Amino acid sequence: MHEITDPAMGGVVGAVTYDTPADVDAAVHKARAAFADWSGQPPGVRADVLLKLADRMAARAAEYAMVESGQTGKTLRLATEFDVPGSIDNVTFFAGAARNLAGLASAEYDPDHTSVIRREAIGVVGSIAPWNYPLQMAMWKALPAIAAGNTIVLKPAEITPLTTLMFAEDAHTAGIPAGVINIVNGLGPVVGEALVGHHDVDMVSFTGSTPVGHRVMSLAAKRGARVHLELGGKAPFVVFDDADLDAAIQGAAAAALINTGQDCTAATRVYVQRPLYERFVDGVSDVFSSISMGDPRDPSTDMGSLVSLAQRDRVSAFVDAAVLRGAKITAGGVLPTGFLAEGAFYPATIVTGVTQDDPIVQEEIFGPVLVVLPFDSDDEGIALANDTPYGLAASAWTHDVYRAMRAQREIRSGCVWINDHIPIVSEMPHGGVKGSGFGKDMSIYSLEEYTAMKHVSWDITGVARKPWHRIIFADRIPAP
């Protein structure tokens, strides 16, 4: 058995058995066997069982939140008010979406045929979810897949599998047939690669780091499987000189520290037009310095721990290296002492005095670290926002409608928020461009990832010898 530990307070919170490639093969075969019946069910049947699943999860919401906090180190408040209700809302959304999988109405695009577009399930989906939002990401993977009639084999992150297993239990209790949702546990290089490379997996959906995403894509490409990737991010937060400064300060602090910064859409690099730069740095530094760390289950705790000691050390190494290159730390930047030193805690940290090409600006840190840089012209601000390999999310802060329209048009990102950062709803898509991957989670648009379009053409003439047959039999068919 592999023990799951609490990265904040220590102690074992659960245990799982790691699967083998043979177990993955068995899970894929179960998913394949269940596919024909599940995909053939009327959409209303799939919708009904998803609504029952939502009810079951709502009844266990407090338990889900406690387990999620325990395995990740995030605050119980975040799990209770964001992770769990957002996950349940996703279930109810896709229950409705299952009944809206319509094809194109029939029509004649030439005089002799009627065309119909069918939207069909792809088959068996192999999905890999990350550790930062274990429950929500499991929902984002599983729900559109099964709502569309697919079956799924899902691998949660090896360090945070517990709420995914709870979800699978509740799905079975709600009436989702055996074989539709299958969970495999284990290390990525063993279980993950066995799943991604399996010959009977029709589609692969992966959320995680960009380097691993490239590996996933290469394995799936060997057999031409469809791939959906939601990869890393380095979200820019652009503050123009007419912005509401207080709103931008509060927004940047919240957007940088959500989930202890372990969020691919979190604000990680702020560009502030020079007239506001010093006041912005001072303001965010004051907020960051007031953030309390501690027991994630304590209601007074603002920020929990990182997911592991290894992740804490990785974040700390980024900041320490930047300081050696001349960076200035205006808040945080020092590992905590006392009992906090025993957990994976890292303080809310502001970094200034770096250049655009510094690794701390260009690379994903995945921790509570915000880098702030000044800019002069609007052109420069937008150019800097676009100057990383990533393109998942961004925000722009201004009262000028023309500036806002330019920013949302020219910033290359899957999502651009105006005067806010990280509002997420089930009805709107989530996904990136550039090095942040392709395809969408959530929303009705995600169903396009998990369905295939089929064109059906019906002859409406009853004529045996079609005019186009002259291409082959010129001497037997009269010219049209």
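A few comments on the model shown:
- With respect to the stated conditions, Ile122 is modelled with pLDDT of 95 or more, under 20 Å from Val180 (Cα atoms), out of contact with any Pro (no Cβ under 9 Å at 6 or more places or on another chain) and β-branched (Val, Ile, Thr).
- Check on Asp110, acidic (Asp, Glu) and either in contact (Cβ under 8 Å) with a residue 40 or more places away in the chain or within 30 Å of Gly213 (Cα to Cα) (or both): no
Here is a yes/no grid of residues against (1) in contact with a strand residue (DSSP E or B) (Cβ under 8 Å, 6 or more places away or on another chain); (2) in contact (Cβ under 8 Å) with a residue 40 or more places away in the chain; (3) closer than 26 Å to Thr72 by Cβ:
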position	(1), (2), (3)
Thr301	yes, yes, yes
Val319	yes, yes, yes
Leu335	no, no, yes
Ser377	no, no, no
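- Exactly one residue out of Ala243, Ala178, Ala148, Ala248 is touching a residue at least 40 places away in the same chain (Cβ under 8 Å) and either on the phi > 0 side of the Ramachandran plot or surrounded by fewer than 22 Cβ atoms within 10 Å (Cβ to Cβ) (or both): that is Ala178.
- Taken together, the criteria exclude Ser209 from residues that are touching a residue at least 12 places away in the same chain (Cβ under 8 Å), polar (S, T, N, Q) and surrounded by 22 or more Cβ atoms within 10 Å (Cβ to Cβ).
- When we screen Gly232, Gly179, Gly224 for residues that are under 21 Å from the mean Cα position of the chain (by Cα) and either more than 30 Å from Val372 (Cα to Cα) or in a loop (DSSP other than H, G, I, E, B) (or both), the only hit is Gly232.
- Taking strands (runs of 3 or more DSSP E) as the structural unit, those lying wholly within region 390-480 and holding at least 1 residues that are free of Cβ contacts under 8 Å to residues at least 40 places away in the same chain, in contact with a helix residue (DSSP H, G or I) (Cβ under 6 Å, 6 or more places away or on another chain) and closer than 30 Å to Val125 by Cα correspond to 416-418.
- Of everything listed in (1) out of contact with any Ser or Thr (no Cβ under 8 Å at 6 or more places or on another chain); (2) among the hydroxyl-bearing types (Ser, Thr, Tyr); (3) without any contact (Cβ under 8 Å) to a residue 60 or more places away in the chain, the single unmet condition for Tyr133 is (3).
- Residue among Ser285, Ser300 that alone is of a type in the set (Gly, Ala, Ser), under 26 Å from Leu340 (Cα atoms) and assigned to a loop (DSSP other than H, G, I, E, B): Ser300
- Val433 vs. criteria modelled with pLDDT of 95 or more and out of contact with any strand residue (DSSP E or B) (no Cβ under 7 Å at 6 or more places or on another chain): yes
- Picking from residues in region 329-361 that are surrounded by fewer than 16 Cβ atoms within 10 Å (Cβ to Cβ) and among the charged types (D, E, K, R), the one that is nearest to Asn386 (Cα to Cα) is Asp357.
- Checking each residue in region 296-328 for being more than 26 Å from the chain's Cα centre (by Cα) and surrounded by fewer than 19 Cβ atoms within 10 Å (Cβ to Cβ) picks out Asp298, Pro299, Ser300, Asp320, Ala321, Val323, Leu324, Arg325, Gly326, Lys328.
- Scanning region 363-375 for residues that are touching an Asp or Glu at 6+ places or on another chain (Cβ under 9 Å) and farther than 14 Å from Phe237 by Cα yields a count of 1.
- Qualifying position, being among the aliphatic types (A, V, I, L, M) and outside any loop (DSSP other than H, G, I, E, B), among Val372, Val354, Val334: Val372
- Test result for Val84, part of a helix (DSSP H, G or I), outside the structural domain of Asp263 (by TED's automatic domain parsing), crowded, with 24+ Cβ neighbours inside 10 Å and β-branched (Val, Ile, Thr): yes
- Residue list for region 277-294, restricted to those being under 30 Å from Pro161 (Cα atoms) and surrounded by 19 or more Cβ atoms within 10 Å (Cβ to Cβ): Met293, Gly294
The values are calculated or read from the model by the stated rules, or taken from the named source; none is laboratory data. Being a predicted model, the structure only gives us computed values, none of them experimental. All Cβ positions, even for glycine, are placed from backbone atoms using ideal geometry, and neighbour counts span all protein chains on display.
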